[in-house]
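The next block holds one structure in the form of structure tokens; read it before the comments.
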Amino acid sequence: MLPKFDILTDEQIDKIHNNSLKILQEIGVEFSYDPAIEVFKKHGQRVEGHRVFLDSDFVKKMVEKAPAQFTLHARNPEHNLICGGENIIYMPGYGAPFVYDADGGKRDATMADYDNFVKLAGASKNLHMTGGTVVEPTDVEDEIRHLKMAYSHIINSDKCFMGSSSGYEHAKDCIELTAVLHGGLDVIKEKPALICLVNSVTPLKYDDRMLGGLMAYAEAGQPMVIASLVMAGSTGPATLAGAMSLQNAEVLAGITLTQCINPGTPVVYGCTSALTDMSTGSLSIGNPENALFVSASAQFARFYGVPCRGGGGLSDAKTVDAQAGYESMMTLFAASSTGVNFVMHTAGILQYYMAMSYEKFMVDDEIAGMVLRYLKGFDCDSDEKMAYEVIEKVGPGGHFLTQKHTRKNFKTEFFRPALSDRQSFDSWSKDSLDTKQRAKLKWQEVLASYTPPELDPVIKEKVEAFIEKRSKELLK
Amino acid sequence: MNPIFEEIKDAIVDGDEDLAIELAEKVVEEKIDPVQAVQLGFIKGIEEVGAAWTNGEAFLPDVMMAADAMKAGMDVLEAVLAAGEGEGTYEDKGKIVLGTVEGDIHDIGKNIVGALLTSAGFKVYDIGIDQKAEDFVAKADEVGAKIIAASSLLTTTMKSQKVLVEYLDDQNLRDTYKVIIGGGPTSKKWGEDIGADGWAETADEAVALCKQLLE
């Protein structure tokens, strides 16, 4: 693995860190959820109404309790993932309510789309997890959406996945369902198997829904991403240093709460901070400033000794065009090369998280493959890799195409594109397909040939029984 | 022309809320014609900002701060305007009640819409976040608004927009108000599905929609 580079100096880290601690201690954070307020009171923090003023030393002490890395367990142990350290985990986009089709059409995402994206992630060599809320399946009732989504991940792939954090009850459902899959709540407490996303409401707030989710996961010892999305210029200051200080304060506050509830609960420092487009007020994510926030966050996560979430194939484009490609490559590359461990939104996102696109998914999958290859760097560990002997054998003026060494090594040393076209002009021009057109053919082909890994029928039955029982209760 | 009108205009263009209040207070104290102060000061200023916005020369902070300054100054003049002081009358382009629906605490998009509507000459009553259907309607009734504009950023709170339309139906008030909706996860189709009178994706489109609905 390549060494990850820092973008902030030690002095800059110090200034932002201290700015964040001052925000937490002097300005405070609003937690709307009463059980969370009780936790802070019990830990001796100053509370006024729903605003909590966090003592700097207390924050440092609590954040230290979070582990530097943890293993997330899949139903197929081959897909267990280590989150933290040098590792990087890629997964599909999260939470988009719309699907943009190749012909430029926009439509509400459905459960059928959900299953498709989970399958595409299951089939991908480059995506390590199937993610969570890969689209918002708007054709499924709110009350049971979390169950249907979890079921899709369980049945369509044997990779790790994310669960709902939408309120205490929904979170608990997903945790219990995962326990059924893995053999009990005790088992997953020992071997965490479900991770969720908890977002602050910037500036300086956490709402009931997310705090309920946070408490359920913390109680069950399941990991969570604690993330903040500062829209610099609207929900946060227009300066990068100010916005970063704000984000950092919010994430530290969330991590502190998790460690108060259950010390040692695995958490991931999450960053999705980006810009406000000052002409429309929209979020804008496909930009160098977003890449800087993410890289700085990776460095802060190392500073605090926890894994980092950030980045992805992020774009503001509305279709799979050059903008979609260059923005996504920049944001995924920056995240990956500066040490982010957990990359939600790696594949599929268009228009600042608003939409998923099948074609974009395939383009991002290709980008992910390229970046993963880049991260592997040079292998200088053996004489074989140094290739002196074969250079000697061929000598001046020869070629390497017919050497055993070449035949043996090119497959592992070279990234093999699945989507990019490297043909001559004449070969290409027979069909003249552009990237979007090739991506469309590709995802259709992948879906048609994908067979989901089998799930033990006994467990499947238990999983389905749990979902049926809860659905009945929730739809009552 | 009284030089204070030009000063008011500049205060609006600069988005200087404190100065706008100070000048409005001076208008009241020195019994300067308040209608002229509105037309030659406040409205001139906001029109200038609105034009700069349309040309792409002004950005959100410019427009939103101008709208805030305008609202603050106009609030000071409200009593004297209501008392009918000054030559002629001042008419806004229409009254709009604006808020974020129940269960949702996001307000930035709503605030942007409010500012652009204000800069386009509408009188906006922003009732804030997490507002029940009855709160929207009560305010609309109180101020005589023609349009109710409801924002939602979450897929889980969009249904509150539907509740608002249903509430109007139940109260036999559906024809009294135009209901428009917006927010990240909403769509034209969602607007049609719930029977809203309009949907806008952006703040600029919301302004165009209100103009069209009040024609």
Open item on the list: Please go through (1) assigned to a loop (DSSP other than H, G, I, E, B); (2) outside the structural domain of A:Lys318 (by TED's automatic domain parsing); (3) surrounded by 19 or more Cβ atoms within 10 Å (Cβ to Cβ) for A:Leu21 and return the number of the only condition it doesn't satisfy.
Closed with: (1)
Task: In the range A:204-246, the residues that are farther than 17 Å from A:Asn290 by Cβ, open to solvent by 20 Å² or more (accessible area, probe 1.4 Å), in contact with a Ser or Thr (Cβ under 6 Å, 6 or more places away or on another chain) and not in a helix (DSSP H, G or I) - done: A:Asp207
Task: Residues of the range A:356-385 satisfying the condition of being farther than 19 Å from A:Lys442 by Cβ and touching a residue at least 60 places away in the same chain (Cβ under 8 Å) - done: A:Tyr374, A:Leu375, A:Lys376, A:Gly377
- [ ] Please enumerate the residues belonging to the range B:160-215 that are in a helix (DSSP H, G or I), hydroxyl-bearing (Ser, Thr, Tyr) and within 14 Å of chain A (Cβ to nearest Cβ).
- [x] B:Ser160
Task: The lone exception for A:Gly213 - which of (1) closer than 21 Å to A:Ile23 by Cβ; (2) within 14 Å of chain B (Cβ to nearest Cβ) it fails - done: (1)
Task: Residue that is nearest to the other protein chains (Cβ to nearest Cβ), among those in the range A:75-122 that are of a type in the set (Gly, Ala, Ser) and farther than 28 Å from A:Ser337 by Cβ - done: A:Ala109
- [ ] Return the only residue of A:Glu169, A:Glu176 being away from chain B (no Cβ under 14 Å), in a helix (DSSP H, G or I), out of contact with any Leu (no Cβ under 6 Å at 6 or more places or on another chain) and open to solvent by 10 Å² or more (accessible area, probe 1.4 Å).
- [x] A:Glu176
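Rundown of residues vs (1) assigned to a loop (DSSP other than H, G, I, E, B); (2) crowded, with 23+ Cβ neighbours inside 10 Å, yes/no style:
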residue	(1), (2)
A:Ala102	yes, no
A:Tyr114	no, yes
A:Asn126	yes, no
A:Lys148	no, no
- [ ] Mind listing just one residue for me: the one in the range B:72-103 that is within 14 Å of chain A (Cβ to nearest Cβ) and part of a loop (DSSP other than H, G, I, E, B) and, of those, farthest from B:Leu23 (Cα to Cα)?
- [x] B:Gly103
Task: Answer residue from the range B:122-150, given it is open to solvent by less than 20 Å² (accessible area, probe 1.4 Å) and in a loop (DSSP other than H, G, I, E, B) and is nearest to the other protein chains (Cβ to nearest Cβ) among those - done: B:Phe122
TODO: Find all pairs meeting these conditions: Cβ atoms under 8 angstrom apart; at least six residues apart or on different chains; first residue within the range A:396-414 and assigned to a loop (DSSP other than H, G, I, E, B); second residue among the aliphatic types (A, V, I, L, M) and open to solvent by less than 100 Å² (accessible area, probe 1.4 Å).
DONE: A:Phe400/A:Val390; A:Phe400/A:Val394; A:Gln403/A:Val390; A:Gln403/A:Val394
TODO: Kindly check whether there is at least one residue in the range A:273-293 that is more than 28 Å from B:Pro185 (Cα to Cα) and in contact with an Asp or Glu (Cβ under 9 Å, 6 or more places away or on another chain).
DONE: no
Task: Filtered residues of the range B:104-121 (kept if open to solvent by less than 50 Å² (accessible area, probe 1.4 Å) and either of a type in the set (D, E, K, R) or not in a helix (DSSP H, G or I) (or both)) - done: B:Asp104, B:Ile105, B:Lys110, B:Ala120, B:Gly121
Open item on the list: Let me confirm something: among A:Tyr326, A:Tyr352, which residue is assigned by TED's automatic domain parsing to the domain that holds A:Gln69, surrounded by fewer than 24 Cβ atoms within 10 Å (Cβ to Cβ) and not in a helix (DSSP H, G or I)?
Closed with: A:Tyr352
TODO: State whether one or more residues within the range A:449-467 are outside any loop (DSSP other than H, G, I, E, B), under 28 Å from A:Met329 (Cα atoms) and under 30 Å from the mean Cα position of the chain (by Cα).
DONE: yes
Open item on the list: Filter the range B:157-189 down to the residues that are aromatic (Phe, Trp, Tyr) and either farther than 15 Å from B:Val101 by Cα or not assigned by TED's automatic domain parsing to the domain that holds B:Ala120 (or both) and list them by number.
Closed with: B:Tyr177
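The values are calculated or read from the model by the stated rules, or taken from the named source; none is laboratory data. Because the structure is a prediction, the values reported are computed rather than measured. Quick reminder, even Gly has a Cβ in these numbers, built from the backbone with ideal geometry, and neighbours come from all protein chains shown. What goes into the accessible areas is simple: the full protein's heavy atoms, side chains included, and nothing from ligands, DNA or RNA. Shrake-Rupley method; radii C 1.70, N 1.55, O 1.52, S 1.80 Å.
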